[in-house]
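The values are calculated or read from the model by the stated rules, or taken from the named source; none is laboratory data. Predicted model only: the values in this text are computed from it and were never measured. Note that we place each Cβ from the backbone using ideal geometry, even for glycine, and neighbour counts take in every protein chain shown.
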Ligand code: CP
Ligand code: NVA
């Protein structure tokens, strides 16, 4: 099995990777997944340690990283952001320097994306972004791996994202543009994805030969889609804006009526956790069109590939 060779030390955002590197990660993750299904787990991260700092809640990220590294012979340390000295004012720089003396990698879930950047710049070991207010790169990689598994080729595939232009949307846009997947994003003008992400991704999409469209019209966005994706309207840390956001985003719900505008075999995606009957009708998540639990499973396989690539150098 060929471990992906990455130029970057860290995975802070999708644009730390090239298209070729992402494809190496996908091929390696597919091998790990196939082996794991036969009960085979290569000891590739023997005795390696991953510190996982969580300043926000998590089910998938925590369990998939911890299980993934233990399957490969290493182990993870769960560090609750409220318990460690960061909470009492120790700087990110000092935290990075100290953890670099103990462990082989750091995964962080935090608020400001700048915290991830600072941690990565100050640590001598790899830093993996497990979600910031701006990006969720591990999620986007698992999502495109889920599509990759189902398609002969990624080029020509169209993904529609409907809803809040949030951290997940930003990473999906970057990943689609790099991989040459067409992406159409329907969101209200108050909640569009990050302007600099759109600008940079337009350039990446031109280079990869794909299209990137932002529209206020959900029916227009999903018309040619092979995959329709949504995420919660209220991300972690946005609770105070809930009432306003729910009102503005109410036209962006994934309903059977909206899916009637789609291709017949169009599949539905969600990074989870879902707020059933808020951003998506609950029975759509349970239908044959839904691949949301494949996405959740693939977090583990893809992150195992990422950890091998970053932590074995
Ligand atoms: N999708 C995702 O990151 O889930 P968790 O918040 O449960 O980690
Ligand atoms: N946009 C969501 C994703 C959760 C995995 C949030 O940030 O809460």
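Numerical summary
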item: Residue 150 closer than 30 Å to residue 220 by Cα and either touching a strand residue (DSSP E or B) at 6+ places or on another chain (Cβ under 9 Å) or free of Cβ contacts under 8 Å to residues at least 40 places away in the same chain (or both); result: yes
item: Filter pass, residue 64 being within 16 Å of ligand 1 (Cβ to nearest atom) and over 18 Å from residue 115 (Cα atoms); result: yes
item: Residue check for residue 118: away from ligand 2 (no atom under 16 Å from the Cβ) and either closer than 24 Å to residue 57 by Cβ or part of a helix (DSSP H, G or I) (or both); result: yes
item: Filtered residues of region 283-292 (kept if more than 12 Å from ligand 1 (Cβ to nearest atom), assigned to a helix (DSSP H, G or I) and either surrounded by fewer than 18 Cβ atoms within 10 Å (Cβ to Cβ) or within 14 Å of the chain's Cα centre (by Cα) (or both)); result: 283
item: Considering residues of region 46-64 that are under 23 Å from residue 80 (Cβ atoms) and part of a loop (DSSP other than H, G, I, E, B) only, the residue farthest from ligand 2 (Cβ to nearest atom); result: 48
item: Elements of type helices (runs of 4 or more DSSP H) in region 176-273, at least 3 residues being closer than 25 Å to residue 133 by Cβ; result: 195-208, 242-249
item: Pairs, first within 26 Å of residue 111 (Cα to Cα) in region 237-259, second assigned to a helix (DSSP H, G or I) and within 14 Å of ligand 2 (Cβ to nearest atom), C-beta under 9 Å, six or more apart; result: 238/245; 245/191; 248/191; 249/191; 252/191
item: From the options 235, 210, residue that is within 16 Å of ligand 2 (Cβ to nearest atom) and either closer than 17 Å to residue 138 by Cα or in contact with a helix residue (DSSP H, G or I) (Cβ under 8 Å, 6 or more places away or on another chain) (or both); result: 235
item: Any hit, region 15-26, residues being closer than 16 Å to residue 131 by Cβ and within 16 Å of ligand 1 (Cβ to nearest atom); result: no
item: Residue in region 42-51 that is within 16 Å of ligand 1 (Cβ to nearest atom), modelled with pLDDT of 95 or more, under 23 Å from residue 122 (Cβ atoms) and crowded, with 16+ Cβ neighbours inside 10 Å present; result: yes
item: Extreme residue, farthest from ligand 2 (Cβ to nearest atom), among residues of region 257-276 that are surrounded by fewer than 15 Cβ atoms within 10 Å (Cβ to Cβ) and under 23 Å from residue 296 (Cα atoms); result: 265
item: Failed item, numbered, when residue 111 is tested on (1) surrounded by fewer than 24 Cβ atoms within 10 Å (Cβ to Cβ); (2) part of a strand (DSSP E or B); result: (2)
item: Qualifying residue in region 209-230 (condition: under 22 Å from residue 167 (Cα atoms) and within 16 Å of ligand 1 (Cβ to nearest atom)); result: yes
item: Selected residue [part of a helix (DSSP H, G or I) and either modelled with pLDDT of 95 or more or buried (at least 17 other Cβ atoms within 10 Å of the Cβ) (or both)] from 95, 134; result: 95
item: Scope region 67-92; condition under 21 Å from residue 120 (Cβ atoms), surrounded by 13 or more Cβ atoms within 10 Å (Cβ to Cβ) and more than 16 Å from ligand 2 (Cβ to nearest atom); matching residues; result: 68, 69, 74, 76, 77, 78, 79, 84, 86, 92
item: Check on residue 288, out of contact with any helix residue (DSSP H, G or I) (no Cβ under 7 Å at 6 or more places or on another chain), more than 16 Å from ligand 2 (Cβ to nearest atom) and touching a residue at least 40 places away in the same chain (Cβ under 8 Å); result: no
